[in-house]
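The values are calculated or read from the model by the stated rules, or taken from the named source; none is laboratory data. As the structure is a computational prediction, the values presented were derived from the model and not from experiment. Here the Cβ is made from the backbone with ideal geometry for all residues, glycine too, and neighbour counts use every protein chain on show. These area figures cover heavy atoms from the full protein model, side chains too; ligands, DNA and RNA do not enter into them. Shrake-Rupley method; radii C 1.70, N 1.55, O 1.52, S 1.80 Å.
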Amino acid sequence: MRLPKLLATPAYVTLFFFCGMISTLFSDGSAQVQANWTTLNPKPIGGYFSDIHAFGDDKFIAVSQDGDIVRTQDGGETFEVDYRVTESGMRTIQFVDDQAGWITTHDGTMLKSEDGGESWGILEYDQSTISDVFFVDREHGWGTHHSRIYSTSDGGHTWTLKLFVQGFNFQDLYFHDQYTGWAVGGDFSNPAFVFKTENGGQSWTEQTLSTNDLRAVQFVNSETGWVSGSGGELFQTDDG
């Protein structure tokens with residue numbers, strides 16, 4: 001995997017955020033954005049959104065740091081809100097199709113929906129805490145917590161440790177399929193790494209980048225991807 005190029009972020013480059021997610025898509029290393037954004041009023045809740053999942057043009061579900069779940073079926077014209085579903089703030093939400101989805105929280109509680117987010121139940125699992133998850137289908141997924149990466153093959157009920165890096169804090173992961181994926185993070189004092197597996201976590205390669213903390217990773221195929229750092233850095237790769 002060749003060292004990704006560092007994308008310059010001068011003052012005229014603007015990053016647009018919605019519910020805490022970077023929504024700009026870079027195709028050639030440039031960052032000229034011409035999209036239009038509209039504020040949805042009135043606000044469905046008064047708190048801070050932590051993540052969002054869009055099903056299409058009209059339906060999306062957002063989760064908040066207060067444990068709220070917000071749904072719309074009409075592009076934000078109207079909202080349904082389930083208040084304080086969890087005592088702890090919610091971290092992430094992900095669906096693999098129009099029915100099956102998961103929510104993670106700060107205290108390790110995991111929720112699962114099998115009806116497109118209309119209802120949620122607590123998912124019992126065999127680890128103390130899973131902080132973040134990424135599923136590739138209804139059964140196979142990956143999770144992180146601090147220095148550990150886990151995998152599951154039963155929808156999140158049981159998890160197997162796949163990687164432990166002492167002192168490292170994993171922040172995000174992305175999988176192209178059941179076997180190929182990337183994980184990023186850091187510890188604020190040493191160079192940050194991008195970890196990659198091509199065999200379902202049986203082995204990992206690591207690559208050092210010129211920053212000490214990576215926060216997010218996203219790929220559009222098995223070759224082209226981006227990672228972002230806590231200091232505003234953006235790195236790109238076109239060879240996986």
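Listed values, structure above:
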item	result
Any hit, the stretch 153-160, residues being part of a strand (DSSP E or B), open to solvent by less than 20 Å² (accessible area, probe 1.4 Å), of a type outside the set (S, T, Y) and at negative phi	no
Every pair of residues 6+ apart whose Cβ atoms lie under 7 Å, when the first sits in the stretch 119-137 and is in contact (Cβ under 8 Å) with a residue 12 or more places away in the chain and within 19 Å of I52 (Cβ to Cβ) while the second is open to solvent by 40 Å² or more (accessible area, probe 1.4 Å) and in a loop (DSSP other than H, G, I, E, B)	W120/V85; F135/V96
Hey, S210 free of Cβ contacts under 8 Å to residues at least 12 places away in the same chain and open to solvent by 30 Å² or more (accessible area, probe 1.4 Å) or not	no
Residue count for the stretch 138-152, restricted to those that are free of Cβ contacts under 8 Å to residues at least 40 places away in the same chain and in a loop (DSSP other than H, G, I, E, B)	4
Some residue of the stretch 183-201 being assigned to a strand (DSSP E or B), small (G, A, S), free of Cβ contacts under 8 Å to residues at least 60 places away in the same chain and more than 27 Å from G101 (Cβ to Cβ)	yes
In the stretch 116-148, the residues that are open to solvent by 40 Å² or more (accessible area, probe 1.4 Å), out of contact with any Ser or Thr (no Cβ under 7 Å at 6 or more places or on another chain) and of a type in the set (S, T, N, Q)	Q127, S128
Those residues of the stretch 97-115 which are at pLDDT 95 or above, outside any strand (DSSP E or B) and crowded, with 17+ Cβ neighbours inside 10 Å, in sequence order	A100
